[in-house]
Amino acid sequence: MAFKRTFWFHLIALVTVAIWGTTFVSTKVLIRSGLTPVDIFFYRFVLAYLCIWIISPKRWFADSVKDELWLAAAGFCGGALYFVTENTALDLTLVSNVSLIVCIAPLLTAFLVILFYRNEKVRKTLLAGSVMALVGVALVVFNGHFILKLSPAGDLLTVAAAFSWAFYCLILKRLDLRYPTLFITRKVFFYGVVTLLPFLPFLPLHFEAAIFMQPAVWTNLLFLSLVASMLCFIMWNMAVKELGPVLATNYIYIVPLIAMLTSAVLLGEPVNTVMLGGCALILAGVFLGQRRSPPEKP
């Protein structure tokens, strides 16, 4: 029974990152249609918040000011800070750099768990699988062309985005035992929007009715809001609650693989042998990372 229960949460984590892997195509369509990355984040989080309010517990605040501040931190790390740093980095460095560096989030999560939760150990198989998957990610995102153009500002912002997601998963670990998943997810959307406000003077929003009337725009916004945000954040928070932040974030390595496949199918982008080899390494690394370490001999 325990195995079956864990299996379903592994499947939930896998489905979640698979959906997130397709969001690159939706975001690309919206940017081509005239929306900025900040516009996309703001509108998808606002719509997701309004929709999740209908189904989440009708309570306004956490049990204490301290917990409310932790919820605000979760919204900031998993929302505004993550998306602003990542999207800004895309303007300063290569997309391949961003795609690779942001995938160090699982390793950062493991490091932070060791640092802040000294009573918890990270399995050797998980660390080995993470390194193997990260090598596979490098093969996929560089597309067989190993050109690493260093851009300190953009690369540092991407590292900040990876740290931001790792901290988000650790904050979930603190809150998951005391609050329902729907309540936490709703508060994350709320504080994600609130903590974006200080960035708006530098990254202003745009609204043109003609843009939102385009079928490609409102359908992709609905997908990003209701599926990739509301549904996926609920599922991700459930997975982190059951599997722990280290094991769950290991599935993040699959995001570039899904992005590559959807780009090839929907946008006609090429796939080569090196990328397929990277896919094999990602899958093998994730599989190894989920395996239990063999018991030590006495």
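Restricted to helices (runs of 4 or more DSSP H) entirely inside the range 213-298, those with at least 1 residues that are within 17 Å of the chain's Cα centre (by Cα) and modelled with pLDDT of 75 or more are 232-243, 245-249, 254-266.
Only one entry in Leu92, Leu35 is modelled with pLDDT under 90, buried (at least 21 other Cβ atoms within 10 Å of the Cβ) and over 18 Å from the mean Cα position of the chain (by Cα), namely Leu35.
To keep it simple, each residue is scored yes or no on (1) modelled with pLDDT of 90 or more; (2) surrounded by fewer than 17 Cβ atoms within 10 Å (Cβ to Cβ); (3) acidic (Asp, Glu); (4) over 17 Å from the mean Cα position of the chain (by Cα).
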| residue | (1), (2), (3), (4) |
| --- | --- |
| Lys121 | no, yes, no, yes |
| Leu126 | no, no, no, yes |
| Asp176 | no, no, yes, yes |
| Ile184 | yes, no, no, no |
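Selection over the range 184-205 of residues that are farther than 26 Å from Leu231 by Cα, in a loop (DSSP other than H, G, I, E, B) and not aliphatic (A, V, I, L, M) gives a count of 3. Based on what the data block shows, is Tyr179 aromatic (Phe, Trp, Tyr) and not in a loop (DSSP other than H, G, I, E, B)? Spelling it out, it is not the case that Tyr179 is aromatic (Phe, Trp, Tyr) and not in a loop (DSSP other than H, G, I, E, B).
The values are calculated or read from the model by the stated rules, or taken from the named source; none is laboratory data. Just so it is clear, the structure is predicted and the values come from calculations on it, not from any experiment. We place every Cβ from the backbone using ideal geometry, glycine too, and count neighbours over all the protein chains shown.
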